[in-house]
Amino acid sequence: MKILVAVIAYNEEKNIANTLDDLARNNCGYDIVVIDNGSSDNTHGICEKLGVPYLRHCINTGSPYGTVRSYFDYAGKYNYDIICQFDGDGQHIASELPKIIDPVKNNVADFVIGSRFLQKKGFKSSFLRRIGINLFSFINSSITGRKISDTTSGFKAYGKNVIDYFYKTYKNEIYDINQILLLSFFNGARIMEVPIVMKAREHGASEFNFFRSAAFPVKGLINIMGCLLQGKAR
Ligand SMILES: Nc1nc2c(ncn2[C@@H]2O[C@H](COP(=O)(O)OP(=O)(O)O)[C@@H](O)[C@H]2O)c(=O)[nH]1
Ligand SMILES: [Mg+2]
């Protein structure tokens, strides 16, 4: 099976070398591509120096979700069977990857979410963000009938049917994780959550400042309604 780890990065020159080093030391048989979302720093220069393939957007799309279309297209074009999203800011741990890859490899799931909340260890996010995460986890659990505790986790693995759906069929813009999850579910993906551990960021700040955190639930709810309409129209 061909497995790809897509490291998503925006201005991560202080974190990307450590992230790639962790992936190299714990590689369980995957290829790596960095999706540089139009960084204005030297993120791509570091990838170049380390000889790691990267795809560089000419502009920043404004959010991590702007990288998703690129990595699904890359995975589809180069015929990968499994793709994992991995943050370039050092919050994800390479040795945890088999936990999300194995259920797809063993054909028991097509969409695996690494959840921070299924065990006590590790970084859990701020209180305010946890309210948002709980709200969307509740809504998505109700719609899919699967227990989802960490909807917004960026630590995920997708199988071939999800890759093909976004590569070949669904050509519209991807705005957030609710959309990826619900459209995959409507397309027949088996969703599963597994416990994983995350770390806190070492350098730089999260995209979620006060304004983004306030807009997040509003945009998310609009997006979910759009997905429900698209799901019904199938
Ligand atoms: N903030 C931000 N992060 C991006 C973007 N594109 C890719 N990323 C990467 O997406 C990952 C998650 O972003 P982050 O701000 O840390 O979100 P958080 O971990 O949910 O707080 C990081 O590795 C970023 O480098 C972007 O346009 N904005
Ligand atoms: Mg982060």
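Quick note: the coordinates plus some simple rules give every number you see, no bench work behind them. The shown structure was predicted, so the numbers you read here are calculated from the model rather than taken from an experiment. Glycine also receives a Cβ, built like all others from the backbone with ideal geometry; neighbour counts cover every protein chain displayed.
Using the Cα centre as the reference, give the magnitude of the dipole from point charges on the C-beta atoms of the chain (Lys, Arg: +1; Asp, Glu: -1; all else neutral), rounded to the nearest 20 debye. Can you show the working numbers first?
Values: 28 positive and 22 negative charges, 165 e Å.
For this selection, approximately 800 debye.
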Distant alpha-carbon pairs in region 78-147 (separation over 21 angstrom), percent: 39 percent
HN-Hα J in Hz across region 162-174 - Karplus 6.51, -1.76, 1.60, θ = phi - 60°, x for Gly and Pro: 6, 4, 5, 4, 7, 7, 9, 9, 8, 9, 6, 5, 9
Taking θ as phi - 60°, what are the ³J(HN,Hα) couplings along region 54-67 by the Karplus curve (6.51, -1.76, 1.60), each to the nearest whole Hz, with x for Gly and Pro? 9, 10, 10, 6, 6, 9, 7, 7, x, 7, x, 5, x, 8
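Among 79-88, 214-223, how do they line up from the highest to the lowest mean number of other beta-carbon atoms within 10 Å? Let's see the in-between values first.
Working: 79-88: 22.8, 214-223: 14.6.
Result, highest mean Cβ count within 10 Å first: 79-88, 214-223.
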Choose one of Leu183, Phe211, Phe136: the residue whose Cα lies farthest towards the positive end of the charge dipole of region 67-212 (beta-carbon charges +1 Lys, Arg; -1 Asp, Glu; about the Cα centre). Phe136
Calculate I(q)/I(0) for region 26-127 by the Debye formula, one identical point scatterer on each C-alpha and no solvent, and give its log10 at q = 0.11, 0.19, 0.22 Å⁻¹ to two decimals. -0.40, -1.17, -1.40
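Would you mind calculating the relative contact order of region 3-232 from Cα pairs under 8 angstrom and at least 6 residues apart, reporting the percent as a whole number?
Working: 404 pairs, mean separation 54.0, N = 230.
It rounds to 23 percent for region 3-232.
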Tell me whether the chain comes out rounded, prolate or oblate; compute the Cα gyration tensor, take square roots of the eigenvalues as a ≥ b ≥ c, and use a/c under 1.5 as the rounded threshold. rounded
